[in-house]
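Novice: Structure incoming, see below.
The values are calculated or read from the model by the stated rules, or taken from the named source; none is laboratory data. From a predicted model like this one, the values you see are computed outputs, not experimental measurements. Methodologically, a virtual Cβ is constructed for each residue, glycine included, from the backbone with ideal geometry; neighbour enumeration extends over all protein chains shown.
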Amino acid sequence: EPEVTQTPSHQVTQMGQEVILRCVPISNHLYFYWYRQILGQKVEFLVSFYNNEISEKSEIFDDQFSVERPDGSNFTLKIRSTKLEDSAMYFCASSADPSTDTQYFGPGTRLTVL
Amino acid sequence: AQRVTQPEKLLSVFKGAPVELKCNYSYSGSPELFWYVQYSRQRLQLLLRHISRESIKGFTADLNKGETSFHLKKPFAQEEDSAMYYCALRRYNTDKLIFGTGTRLQVFP
């Protein structure tokens, strides 16, 4: 069964550095998402992406965040200047059609900002 | 604002006992409700959604609009049901999932 994959599984970075989290959605899916989960807290929506543009974003998704689909397979989340409070598990998800299909989640990338 | 509340952080039962994981939501429109499950060291995966009205792995959930609840039930818990369970809501005309804080279910032998 096809799955969403994410790399790396764990990323450690210094405060102020840029990080890029990578995701490979399921190949025939057109809708892509990023969520995050700070330790001990709920899973929170960050952004949705369709047809090469952001379709919805949360208040968390400020100017330091950006998303991109640089080629036909990858979907990336860039955090420009990381802060301590960005430490979290970041989940990518994809869907064929959100009105009829579920969102399929990747295994997550644990980001630790020191 | 829309919110999903799961009042129990941890629910412990013995194998064969009934299970009910509570989920309440606040949303004035017509929501779509989901239960996601995360087994140990695995990814979040859909367990069931209210519009399908199916039973998956013996679990069922009924949307009660009057009580704004979507409780997850299973008559006889199994050890392999031990996992983290998340209730989630999707508003009309948006893709965004709003999650509850999750309930850890522990089923003892």
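Novice: Taking region B:54-81 as the region of interest, how many residues are under 19 Å from residue B:39 (Cα atoms) and of a type in the set (S, T, N, Q)?
Specialist: 3
Residue-by-condition table, conditions (1) modelled with pLDDT of 95 or more; (2) within 12 Å of chain B (Cβ to nearest Cβ); (3) closer than 30 Å to residue B:47 by Cβ:
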position	(1), (2), (3)
A:35	yes, yes, yes
A:46	yes, yes, yes
A:69	no, no, yes
A:78	yes, no, no
A:84	yes, no, no
A:91	yes, yes, yes
A:100	no, yes, yes
A:108	yes, yes, yes
A:112	yes, no, yes
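Novice: Out of (1) within 12 Å of chain B (Cβ to nearest Cβ); (2) surrounded by fewer than 14 Cβ atoms within 10 Å (Cβ to Cβ); (3) under 16 Å from residue B:95 (Cα atoms), the odd one out for residue A:50 is which?
Specialist: Only one criterion in (1) within 12 Å of chain B (Cβ to nearest Cβ); (2) surrounded by fewer than 14 Cβ atoms within 10 Å (Cβ to Cβ); (3) under 16 Å from residue B:95 (Cα atoms) is unmet by residue A:50, namely (2).
Novice: Would you pick out the residues in region A:62-76 that are touching a residue at least 12 places away in the same chain (Cβ under 8 Å) and assigned to a strand (DSSP E or B)?
Specialist: A:65, A:66, A:67, A:75, A:76
Novice: Out of A:41, A:11, I need the residue that is within 12 Å of another protein chain (Cβ to nearest Cβ) and either at pLDDT 95 or above or out of contact with any strand residue (DSSP E or B) (no Cβ under 8 Å at 6 or more places or on another chain) (or both). Which one?
Specialist: One residue alone meets the criteria, A:41.
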